[in-house]
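What follows is a set of notes on a single structure, which appears directly below.
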Amino acid sequence: MFGKIMFYFVKDNKLEIQFENGKGFIEVIKDDIINVFSPLKYEDHFSRAIEGLKIIKTDFHVNYNNDCLILKTDKLIVKIHDDFKVDFFDKDGKILCEDYREDRKPFIRRGNGKIAEGEGIKIEENFRKYKIEIVKKMQGDEYFYGLGEKTGHLNKRGYYYEMWNTDDPRPHVESFVSLYKSIPFFITLRENASFGIFFDNTFKTYFDMGKENEKYYYFAADDGNLDYYFIYGPKVTDVVEGYTYLTGKTPLPQLWTLGYQQSRWSYSPKERVLEIAKTFREKDIPCDVIHLDIDYMDGYRVFTWDKVAFNNHKEMIKELKDMGFKVVTIIDPGVKKDKGYFMYEEGLKYGYFATDKDGIPYINEVWPGEALYPDFSDEAVRRWWAEKQKIMLQDGVAGIWNDMNEPASFKGPLPEDVQFKNDGRPTNHLEIHNVYGHLMSKATYEGIKDYTNKRPFVITRACYAGTQKYSTVWTGDNHSFWEHLRMAVPMLLNLGLSGIAFCGTDVGGFQFDATGELLSRWVQLGCFTPLFRNHSCIHTRDQEPWAFDEKTEEINRKYIKLRYKLLPYVYDLMYQCELTGLPLMRPLFLHYQDDKNTYELNDEFLFGENILVAPILEQGKNIRAVYLPEGTWIDYWTKEEYEGGKYILKEAPLDICPIFIKKGSIIPNFEEQNYVGQKKMNKLILDIYPGDGAYYHYKDDGESFEYKEGKYNLYKISMRLKDILEINIEKEHDGYDDYEEFELIVSNYNGNVVVNSKQYKLDQGVITLQKEILTKK
Ligand code: GLC
């Protein structure tokens, strides 16, 4: 299509190439991130994912050799051929990723599929041609990860997906090509290296990871620019850092958002909400948040309250606050068509709704019946929506849950020609669909930030690349199926690799009825998912921790308490995530990339670097195989030690989720509490697994942005095990209140311990120290 290279020139970080039929650009973002671009629609990137300038002045050189242009940075060699074929090599000339030169040729499908359609069997399309398609040659050793929220297994090789935000209430199964979120980014892991490709295109995009033919994989789009980033590893951790360098890191959230959250469609009336709250406290099950689903609203009008069921809602919120609960309310995008309703009237007056091609506000149906769709692609509308958050916040609401923002519609999908302003580049639904939820979350985030000046808590169902900057996500309407519990692990791991570190599932499952056993196993997984929220659908059986039998309640209590104990660890991971973009839930290959056994582990993961979680994901199962990578691993419950590099069999009765801690780890713990802020955490407990290692612990006020001005503490705790266990606790950054006390709980070790050069005797495995032992760096 592009034809021959005619001439080229280099300006700043960019190589511009004139082909016979069009222009191509190779831009060096930094020495290991290269952008490949052709202005097929817009002259510039016009990215909804990447904010601000990312280009770093980098040394590189370009020459023309025989038949191609060669661009070299310190880390990569890029060769550009006629027809804008682009190949990437590492600095030693080893091929990483090369364009496929032959024609696409699908695998053979035999027989006339049409006949099967009579029985309702869905026939796969054989061959699709796209306006933009980039076909890469399969070298043979590729594993693929990322692609956001997809069903199926961790490794996406051999499968085909589409990016088109989709609200499909049927049980999510492997044949689904799209769900609520569109993140056009994948990671390729090969024998000696890895790289990522971020295809920054908001139109419907297509990813075939070797399903059509195992000789190649491709990504494609219906429209937009040819605009993708090649993000070099060689470590997968480098790729994730690089991708989140472009699209943004998940920011440090408020501490309470990491506590347990209880939801239901819907807790109503307010007496029921209060009853739920009281039951948590009576039963001594920690909980920080209660979610109010659509029934708190007046006739599903967003930013209103039902005056009967939630009469005097401010008082209810106050009562909940006194018990230590935060309230999060759902806000959908659809604005009820209703004369006199302020959202409708204002939206109409200022032209804030998406319109049909004649400029008449477009109407479809959602919960309130006929409804209009705010045009979040327009800055003025985002500001309006941001302002409206105040209505909820001044009533005492602490966070906003954005739903139905694919956008969902009950009367068929939004037509292609629904019009959006698109910040000065008017366009239609095809371009905005995949960023509608993203832009809604951005508006919500900014509104909350402006009003509260605290770290906003937003949850969204739909998203695009980069949404992590504004919002946490949940994986939408799963079912109370064991199959969906199993799927949660690879889905969340791939979301995390796709930049969305703060994510979770509806614990217990949304549709269908959970059993006590399923909820017990789900809460064990939920304890290690960043967003830890139990949620269920209207008319399903109750699903609160106590809704089944005593044993289920006991297991819920145990794992929710474990989560609260681990809160400082979870918070440390979030702090690191803001710096590196690394997710909290990590596939094992992220830290053991040389170990091929870790490439397809769908049912276990690392929580941070030190905790390995191997949940039980099948009914009736009480034993499982666990792969432990190299090193020594300690069973969290029994303290038994295992040598890694192999599978072990682990017994796991219903109340046990197999958890292993790597030898040499230090895990910070909090004392028991029923909600964040119930106690001033004056004591830091350090759970120590003697060996050689170091750990950074972070502490701040847990809610404001003051940490950005240095108001935080960073402790470095290092440990060495020789003849004696030596521990050093020092403060690397001093900007916030100290702990009064440190309690060291030492496992699997009997001798004396030297802490900051002073020798101590263990008292039943414990040493308690006052803050005076601290050394400052
Ligand atoms: C959607 C959401 C679900 C919510 C329901 C009612 O199905 O995904 O979480 O409970 O709408 O608001």
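Among the criteria (1) of a type outside the set (D, E, K, R); (2) within 16 Å of the ligand (Cβ to nearest atom); (3) surrounded by fewer than 24 Cβ atoms within 10 Å (Cβ to Cβ); (4) closer than 24 Å to residue 611 by Cβ, the one residue 490 does not fulfil is (2). Of all the criteria given as (1) part of a strand (DSSP E or B); (2) within 30 Å of residue 290 (Cβ to Cβ), the one not satisfied by residue 743 is (2).
Each row is one residue, and each column tells you yes or no for (1) within 29 Å of residue 45 (Cβ to Cβ); (2) open to solvent by 20 Å² or more (accessible area, probe 1.4 Å); (3) within 18 Å of the chain's Cα centre (by Cα).
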{"residue": "149", "(1), (2), (3)": "yes, no, yes"}
{"residue": "166", "(1), (2), (3)": "yes, yes, yes"}
{"residue": "179", "(1), (2), (3)": "yes, no, yes"}
{"residue": "204", "(1), (2), (3)": "yes, yes, no"}
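Do we have residue 549 as surrounded by fewer than 24 Cβ atoms within 10 Å (Cβ to Cβ) and free of Cβ contacts under 8 Å to residues at least 60 places away in the same chain here? In short, yes. Summed over the range 64-85, the residues that are open to solvent by 40 Å² or more (accessible area, probe 1.4 Å), at pLDDT 95 or above and over 13 Å from residue 17 (Cβ atoms) give a count of 3.
Scanning the range 712-733 for residues that are over 20 Å from residue 768 (Cα atoms), in contact with a strand residue (DSSP E or B) (Cβ under 6 Å, 6 or more places away or on another chain) and surrounded by fewer than 16 Cβ atoms within 10 Å (Cβ to Cβ) gives a single hit, 732. Exactly one residue among 259, 334 is within 16 Å of the ligand (Cβ to nearest atom) and either under 29 Å from residue 480 (Cα atoms) or at pLDDT below 95 (or both), and that residue is 334.
So residue 237 ticks every box in (1) under 20 Å from residue 587 (Cβ atoms); (2) surrounded by 22 or more Cβ atoms within 10 Å (Cβ to Cβ); (3) hydroxyl-bearing (Ser, Thr, Tyr) but one. Which box is left unticked? Result: residue 237 fails condition (2) only. Filter the range 409-439 for residues that are buried (at least 24 other Cβ atoms within 10 Å of the Cβ) and within 16 Å of the ligand (Cβ to nearest atom); which is nearest to the chain's Cα centre (by Cα)? So, considering only residues that are buried (at least 24 other Cβ atoms within 10 Å of the Cβ) and within 16 Å of the ligand (Cβ to nearest atom), the one nearest to the chain's Cα centre (by Cα) is 437.
Each row is one residue, and each column tells you yes or no for (1) outside any loop (DSSP other than H, G, I, E, B); (2) modelled with pLDDT under 95; (3) touching a helix residue (DSSP H, G or I) at 6+ places or on another chain (Cβ under 9 Å).
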site	(1), (2), (3)
529	no, no, yes
537	no, no, no
546	no, no, yes
561	yes, no, no
574	yes, no, yes
578	yes, no, no
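Contact map, the range 476-492: residues that are over 16 Å from residue 601 (Cα atoms) and modelled with pLDDT of 95 or more paired with residues that are of a type in the set (D, E, K, R) and within 16 Å of the ligand (Cβ to nearest atom), Cβ distance under 7 Å, separation 6+ or inter-chain. Pairs shown: 476/461; 478/506; 480/513.
Set side by side, the residues 8, 42 differ, and just one is surrounded by fewer than 20 Cβ atoms within 10 Å (Cβ to Cβ), at pLDDT 95 or above and part of a strand (DSSP E or B), which is 8. Residues of the range 304-315 that are open to solvent by less than 70 Å² (accessible area, probe 1.4 Å) and either without any contact (Cβ under 8 Å) to a residue 12 or more places away in the chain or outside any helix (DSSP H, G or I) (or both): 304, 305, 306, 309, 310. If I ask for residues that are at pLDDT below 95 and β-branched (Val, Ile, Thr), which ones from the range 86-111 would you list? 108 - this is the single residue of the range 86-111 that is at pLDDT below 95 and β-branched (Val, Ile, Thr). For residue 190, the conditions (1) touching a Pro at 6+ places or on another chain (Cβ under 7 Å); (2) open to solvent by 10 Å² or more (accessible area, probe 1.4 Å) are fulfilled apart from (1).
Residue-wise test of (1) closer than 18 Å to residue 332 by Cβ; (2) out of contact with any Cys (no Cβ under 7 Å at 6 or more places or on another chain).
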residue: 409; (1), (2): yes, yes
residue: 414; (1), (2): yes, yes
residue: 424; (1), (2): no, yes
residue: 437; (1), (2): yes, no
residue: 448; (1), (2): yes, yes
residue: 459; (1), (2): yes, yes
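Sub-7 Å Cβ pairs linking a first residue in the range 316-343 that is under 24 Å from residue 440 (Cα atoms) and outside any strand (DSSP E or B) to a second residue that is open to solvent by 10 Å² or more (accessible area, probe 1.4 Å) and away from the ligand (no atom under 16 Å from the Cβ), at least 6 apart or interchain, are 337/344; 337/363; 337/370; 338/344, ordered by first then second residue. Residues satisfying the criterion are absent from the range 459-467 (criterion: more than 16 Å from the ligand (Cβ to nearest atom) and basic (Lys, Arg)). Suppose the filter is more than 16 Å from the ligand (Cβ to nearest atom), aliphatic (A, V, I, L, M), modelled with pLDDT of 95 or more and open to solvent by 20 Å² or more (accessible area, probe 1.4 Å); does residue 380 pass it? When the stated conditions are applied, residue 380 passes them.
Whether a residue is hydroxyl-bearing (Ser, Thr, Tyr) and in contact with a helix residue (DSSP H, G or I) (Cβ under 9 Å, 6 or more places away or on another chain) was assessed, and residue 250 passes this test.
No other residue among 541, 557, 563 is within 16 Å of the ligand (Cβ to nearest atom) and in contact (Cβ under 8 Å) with a residue 24 or more places away in the chain apart from 541. Would you confirm whether or not the range 99-118 contains a residue that is within 16 Å of the ligand (Cβ to nearest atom), open to solvent by less than 30 Å² (accessible area, probe 1.4 Å) and either of a type in the set (D, E, K, R) or under 29 Å from the mean Cα position of the chain (by Cα) (or both)? No, the range 99-118 contains no residue that is within 16 Å of the ligand (Cβ to nearest atom), open to solvent by less than 30 Å² (accessible area, probe 1.4 Å) and either of a type in the set (D, E, K, R) or under 29 Å from the mean Cα position of the chain (by Cα) (or both). The strands (runs of 3 or more DSSP E) found wholly in the range 175-242 and carrying at least 1 residues that are in contact with a helix residue (DSSP H, G or I) (Cβ under 7 Å, 6 or more places away or on another chain) occupy 185-190, 193-199, 226-232.
Criterion applied to 504, 516 was being open to solvent by 10 Å² or more (accessible area, probe 1.4 Å), touching a residue at least 12 places away in the same chain (Cβ under 8 Å) and of a type in the set (Gly, Ala, Ser), and the one residue passing it is 516. Among the residues making up the range 509-538, those that are within 19 Å of the chain's Cα centre (by Cα), within 23 Å of residue 150 (Cβ to Cβ) and away from the ligand (no atom under 12 Å from the Cβ) are 522, 525, 526, 528, 529, 530, 531, 532. The criterion of being assigned to a loop (DSSP other than H, G, I, E, B), loosely packed, with under 14 Cβ neighbours inside 10 Å and modelled with pLDDT of 95 or more holds for residue 56.
One residue stands out among those in the range 357-377 that are of a type in the set (D, E, K, R) and over 18 Å from residue 302 (Cβ atoms): the one that is farthest from the chain's Cα centre (by Cα), which is 358.
The values are calculated or read from the model by the stated rules, or taken from the named source; none is laboratory data. On a predicted model such as this, the values are computed, not experimentally measured, just so you know. When we count neighbours, we look across all protein chains shown, and the Cβ atoms used for this are built from the backbone with ideal geometry, even at glycine. With ligands, DNA and RNA removed, areas are computed over all heavy atoms of the protein, side chains included. Shrake-Rupley method; radii C 1.70, N 1.55, O 1.52, S 1.80 Å.
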